[in-house]
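The values are calculated or read from the model by the stated rules, or taken from the named source; none is laboratory data. The shown structure was predicted, so the numbers you read here are calculated from the model rather than taken from an experiment. Ideal geometry is used to build each Cβ from the backbone, glycine not excepted, and the neighbour counts take in all protein chains shown.
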Amino acid sequence: MELVNFRIFGAGLFSPEAEGTTVVTGPNGTGKTSVLEALAYLGTGRSFRGAPRESMVRTGEDRAIIRAELDNNDNPTLVEAEIVPAGRSRTQVNRKVVQGRKELSTATPCTIFSPEDLVIISGGPRGRRDLLDDTLGFLDPEGARAADVVERIQRQRAALLRQSGGKVTADVVSTLDVWDHRLAASGMTLVKARERLVRDLVEFVGPAYGRLAGSEGRALVGQHYVRSWDDDLLTALQAHRSDDLRRGVNTVGPHRDDMLLEIEGREARTHASQGEQRCLALALRIGVHQLVLSRTSVIPTLLLDDVFSELDPARSRALVAELPPGQSILTTAVPLPEGISVAHIIPIGQLVRAS
Amino acid sequence: MYTGPLRALIDELGRLPGIGPKSAQRIAFHILKVPTEDAHRLSDAIVVVKERTTLCEQCFNVAEGGAWCAICSDDQRDGEVICVVEDPRDIVAVERTNQFHGRYHVLGGALNPLEGIGPDQLKVRELLARIDAGQIREAIVCTNPNLEGEATAMYVARLLTPLGVIVSRLASGLPVGGDLEYADELTLGRALEGRRRIEV
């Protein structure tokens, strides 16, 4: 992978081992996480740290470029992304522009573990929805497509609501009708895909949590998808229309849904300890990874960002034991816990020097 | 870097769609090299196209002199069927099939609130006026198969159907002469949906 003007790298070259674990080492603030962020950007089209585009571009430059050659089951793939905060960012796979979740995730499949994952459990519903939608990219082309379409319809609909300025003209009503119908159709496809995914994940996440937490299956993990409306989406959209028009935003739809996570019957977001939340976040990521492995021939690259700093050695080993073989790249500022085998160590300094 | 007329030419060329700064520079230097009469032919063609062509008053296709375009003035055309398209270029595409013998209506875009395009910015009122004038029995909506095009198709269908017009949409499916294995899931899914019984 080659980086140009990405974060602190003016130019950088990164070549991890194709099989086994590559460890990127170095002190804080030297760009270890940025390397993973760049790889993950290729697979998801955004920063896993939730950073805006401009923060990924080196100070004083107008664009950043990430270029990676991937093997993908003997299917050589060239993925190139250009990040332009002030203009149109784009990603090309084998020199063809792509944008959907599915296209990105199949070209650069990756599973990310990072300290920020805690927010999936403790934060707002957006992180949980993003996790589900990104996973659909691997497992459910129709659902992933629906997620992209819903996002675009929401943007169009919001623009229309804003432009109307609260005034209900015949034109506004007739065009809203059209967007509502399309949103209802794609929205239901998306919601059903998310609900299916949540059901499928349950059998992987619960056991993973049990093994990580060492609680011998005592901790019962519950997962439920929660729709933000009742009955039929189209009816709900029409019922909330005057509210939408007055506030100029989409108030109902799949973008307000949530996934409720419970440990022993208590909501994890509000009732679990930070340790439990961290464990559950890891279990969710592992669950997704194992589900993808069990259903498809895709083997996502594992990206582990500084996860050991937050875990005790026993849990670190349990985490590594959970991870299947394949390519994994991890960063650490602290020595690795014992019992973790490593194929290759790359000090971060080697990356910056390359041109 | 460049000054005067050359700079102005590069800037003007760079404002054209699909032409970036480097292409603009290459074209400008090309023009600089060609014989004067070639350059005149180019500039004349640009001036003439602006002077002599207008938009058809009926369908908003490109018209050369006169109020109506060649298709609207052609008596041989079926006046009962119209094809609703986003752009005059789409007419060229449909005409190439040689399978459509009706007339057209150019909307001038698709519904796209993000870019400020609503029914008012499209030639929708004019379309309704043509329907009101009678004669039109069937409308084939040939907007692009993307989000905005599909929304526009649905919008047009919801407007015209109550007026007694039969509204249909272009089918989506596999490209002729293509390979099934190269089709993306979405297109293949649509093709499955729209499958047809084989007549034996």
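When the stretch A:174-199 is filtered for residues that are more than 11 Å from every other protein chain (Cβ to nearest Cβ), closer than 19 Å to A:Leu234 by Cα and not hydroxyl-bearing (Ser, Thr, Tyr), the ones remaining, listed by number, are A:Ala184, A:Gly187, A:Met188, A:Leu190, A:Val191, A:Lys192, A:Ala193, A:Arg194, A:Glu195. The residue of the stretch B:116-136 that is farthest from the other protein chains (Cβ to nearest Cβ), among those that are crowded, with 16+ Cβ neighbours inside 10 Å and not in a loop (DSSP other than H, G, I, E, B), is B:Arg130. Out of A:Val226, A:Val221, A:Val198, A:Val191, report the one residue that is closer than 25 Å to A:Leu136 by Cα, surrounded by fewer than 18 Cβ atoms within 10 Å (Cβ to Cβ) and of a type in the set (Val, Ile, Thr). After ruling out the rest, the residue left standing is A:Val226.
Per the conditions (1) farther than 17 Å from B:Phe60 by Cβ; (2) surrounded by fewer than 21 Cβ atoms within 10 Å (Cβ to Cβ), the sole criterion not satisfied by B:Ala151 is (2).
Each row is one residue, and each column tells you yes or no for (1) within 21 Å of the chain's Cα centre (by Cα); (2) at positive phi; (3) surrounded by fewer than 13 Cβ atoms within 10 Å (Cβ to Cβ); (4) modelled with pLDDT of 80 or more.
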| residue | (1), (2), (3), (4) |
| --- | --- |
| A:Arg269 | yes, no, no, yes |
| A:Arg285 | yes, no, no, yes |
| A:Ser294 | yes, no, yes, yes |
| A:Glu310 | yes, no, no, no |
| A:Ala321 | no, no, yes, no |
| A:Ser341 | no, no, yes, no |
| A:Ile346 | no, no, no, yes |
| A:Arg353 | no, no, yes, no |
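Of the candidates A:Ala170, A:Ala158, A:Ala81, A:Ala86, the single residue that is within 14 Å of chain B (Cβ to nearest Cβ) and touching a residue at least 24 places away in the same chain (Cβ under 8 Å) is A:Ala158.
Hey, any hits in the stretch B:60-79 for a residue that's closer than 24 Å to A:Ile153 by Cβ and more than 13 Å from chain A (Cβ to nearest Cβ)? Scanning the stretch B:60-79, I find no residue that is closer than 24 Å to A:Ile153 by Cβ and more than 13 Å from chain A (Cβ to nearest Cβ), so the answer is no. Do the conditions hold for B:Val94, that is, is it assigned to a helix (DSSP H, G or I) and either surrounded by 13 or more Cβ atoms within 10 Å (Cβ to Cβ) or among the acidic types (Asp, Glu) (or both)? Yes, satisfied. Number of residues in the stretch A:138-155 that are more than 8 Å from chain B (Cβ to nearest Cβ) and either assigned to a helix (DSSP H, G or I) or without any contact (Cβ under 8 Å) to a residue 40 or more places away in the chain (or both): the value is 10.
To keep it simple, each residue is scored yes or no on (1) within 17 Å of the chain's Cα centre (by Cα); (2) modelled with pLDDT of 90 or more.
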position	(1), (2)
A:Ile8	no, no
A:Val24	no, no
A:Glu37	yes, yes
A:Asp62	no, no
A:Ile65	no, yes
A:Ala68	no, yes
A:Asn72	no, no
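Scanning the stretch B:137-147 for residues that are buried (at least 18 other Cβ atoms within 10 Å of the Cβ), under 14 Å from the mean Cα position of the chain (by Cα) and within 13 Å of chain A (Cβ to nearest Cβ) yields B:Val141, B:Thr143.
Yes/no matrix, rows are residues, columns are (1) part of a loop (DSSP other than H, G, I, E, B); (2) not hydrophobic (A, V, I, L, M, F, W, C):
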{"residue": "A:Gly275", "(1), (2)": "no, yes"}
{"residue": "A:Leu280", "(1), (2)": "no, no"}
{"residue": "A:Ala283", "(1), (2)": "no, no"}
{"residue": "A:Gln290", "(1), (2)": "no, yes"}
{"residue": "A:Val298", "(1), (2)": "yes, no"}
{"residue": "A:Ala321", "(1), (2)": "no, no"}
{"residue": "A:Thr331", "(1), (2)": "no, yes"}
{"residue": "A:Pro335", "(1), (2)": "yes, yes"}
{"residue": "A:Glu338", "(1), (2)": "yes, yes"}
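If the condition is being more than 14 Å from chain A (Cβ to nearest Cβ) and part of a helix (DSSP H, G or I), then the stretch B:148-180 contributes only B:Leu180.
Checking the stated criteria, B:Pro113 turns out to be touching a helix residue (DSSP H, G or I) at 6+ places or on another chain (Cβ under 6 Å), closer than 29 Å to B:Arg169 by Cβ and within 14 Å of chain A (Cβ to nearest Cβ). Return the residue satisfying two criteria in turn: it lies in the stretch A:59-71 and is without any contact (Cβ under 8 Å) to a residue 60 or more places away in the chain and surrounded by fewer than 17 Cβ atoms within 10 Å (Cβ to Cβ), and of such residues it is nearest to A:Arg7 (Cα to Cα). Per the stated criteria, the residue is A:Thr59.
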